[in-house]
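Everything on this sheet refers to the single structure shown next.
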Amino acid sequence: MGMMEGMLHHADPYMPGHGDLSYDVEHASVDLDYRPSSNLLEGSATLTIVAAEAVRRIRLDLAHLRVSRVLVDGARAKHSHVTTHLTVTLPAPVDAGARLTVQVDYRGNPRPLRMRAFGEAGWEELEDGVIVAAQPHGAPTWMPCNDRASSKATYDLSVKVPSEYAVACSGEQTGVERRGASRTFRFAQRAPMASYLATVQIGRYQEVRQQSSVPMRVLRPTGMTGAAYEASFGLQPQMMACFEHEFGQYPFDDYTTVVTDDELEIPLESQSLSTFGRNFCRPEWDAVRLIAHELAHQWFGNAVTARTWRDIWLHEGFACYSEWVWSEAAGGLTIDEQAALHHARLTGLPQDLVLSDPGAADMFDDRVYKRGALTLVALRRTIGADAMRTLLHAWVDEHSGGTVETADLVALASRVSGQDVAPLLRAWLDEPALPALPPVAG
């Protein structure tokens, strides 16, 4: 491959214009200074990159923000910034395996980025604060990155804000420094993370710790207490225990839940952190299931990440299946009862979606979620509940911190179960017609 070819091909056809295959980011250190009153963001990002091929120029993704300086290994570098593409010319060509440090200083008024297939994503102002909803294309709205799911890096993050605000980021909080009327919050994400799973949440929050085998905290509006809270977010320690039994040890240092004072249409997934609107603080199943869903993504989607977006079912199907696991554990509908209910519903919907390659426009179609979960139920009924638990533990143990594709799951399921499950899964994954659920394993 020539020196520029990695930049001329889409890193992922579902995400045209994002990502550069010619290099990977090993580590990112991002320092932010944010003023909520004016929505002014000043940032400096230092990226340790490794060339995947011979390169002279690399492309970073950065949207709506102005670049003031780029350094490569401490020396000023030529660069051009057009729309969402920051192209950096290296001082000299480098070979595959070369390691470089790239620093980008930038500032501006961040706002969401729109893509035709997905709408808006990224940095979004609330009534009093900020959320970053980066999935799948919003990461470039607040930091320069190699925006592809197949490239995962560790992170150090710092965010300076007025002292009345609290900050949560994707990672363990390692310190808070107060100076004058400002506070700087520092975080470390030690597990490799895709750029779209990095987040910043800023608001006037009260911190509440939850008792669990894993350090857990909730950042919530003052006064969010009582029965509705206990019957929703208060259940998270029990969910954590359930999922650790079913899927294996929680894969990160801690887990943070942010509940905004605003209402949000859907929760937001990020690594070691989930974000909800206050409208999810209620005991009804349609709210509680999504609290379980976002927690399950820490195993499926965040620790184990699909290499390309066509395999999104490996995230959403698994998280939906996890909702049913929690339902059964909590004394609600069993996994099989949930499966029967949703299989009947899918039967009445168009049979034109291929789970293993749904297309960008249907990536977040509810049929991907439910048919993905049903695929796992079909597998569980075929190999048995004990073998399914073994499989899910092995899936996380073997792939945590990395990226996967559907073929990896098929191979592992066959190995763990001692059965060739490829024909079973092929019908669920590669054909549009909805198969019947197999009988429960005897």
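Please treat every number below as a calculation from the coordinates, not as lab data. Since the structure is predicted, the reported quantities are computational estimates derived from the model, not experimental observations. Counting neighbours? That spans all protein chains shown, and the Cβs are built from the backbone with ideal geometry, glycine included.
Dimensions of segment 141-214 from C-alpha coordinates, computed as largest minus smallest value along each principal axis and given longest first, are 39, 33, 17 Å. What residues of segment 399-413 lie in the reach of a label at Thr390, counting those whose backbone N is under 13 Å from a point 7 Å from the Cα along Cα→Cβ? Of the residues in segment 399-413, 413 have backbone N under 13 Å from the label point off Thr390. Extension gain for Glu207-Thr89 works out to 38.0 nm (0.36 nm per residue, less the C-alpha to C-alpha distance). The local environment of Lys370, defined by Cβ-Cβ distances under 11 Å, has a net charge of -1 under the rule Lys, Arg +1 and Asp, Glu -1. Estimated from the Cβ-Cβ distance and a Förster radius of 35 angstrom, the FRET efficiency linking Ala54 and Val354 is about 0.45.
Computed across the chain, the Kirkwood radius stands at 22.5 Å (inverse of mean 1/r, all Cα pairs).
Using the empirical formula 2.2 N^0.38 Å as the baseline, the Cα radius of gyration of segment 317-382 reaches a ratio of 1.11.
The distance separating the Cα centre of segment 380-442 from that of segment 36-74 comes to 40 Å. Label zone of Val176 (point 7 Å out along Cα→Cβ, amide N under 16 Å): in segment 255-298 this covers 256-259.
Shown is the FRET efficiency for Asp73 and Arg107, computed with R0 = 25 Å from the Cβ-Cβ distance and rounded to the nearest 0.05: 0.60. Please compute P(r) over all alpha-carbon pairs of segment 1-204, binned at 10 Å starting from zero, and give each bin as a whole-number percent. Histogram of Cα-Cα distances, whole percents per bin: 9, 37, 37, 14, 3, 0. Backbone phi angles across segment 299-304, fed through the Karplus curve with coefficients 6.51, -1.76 and 1.60 (θ = phi - 60°), yield HN-Hα couplings of 7, 10, x, 9, 5, 10 Hz in residue order; Gly and Pro are listed as x. Projecting label points 7 angstrom from Cα along Cα→Cβ for Ala407 and Ala96 puts them 1.8 nm apart. The alpha-carbon atoms of segment 282-326 define a convex hull whose volume equals 60 cubic angstrom per residue.
Spin-label model, Glu244/Asp336: points 7 Å from Cα along the beta carbon direction are separated by 3.0 nm. Along each principal axis, taking the top coordinate minus the bottom one, the Cα set of segment 188-246 gives 37, 34, 16 Å in descending order. A straight line joining the Cα centroids of segment 83-116 and segment 132-187 runs 18 Å.
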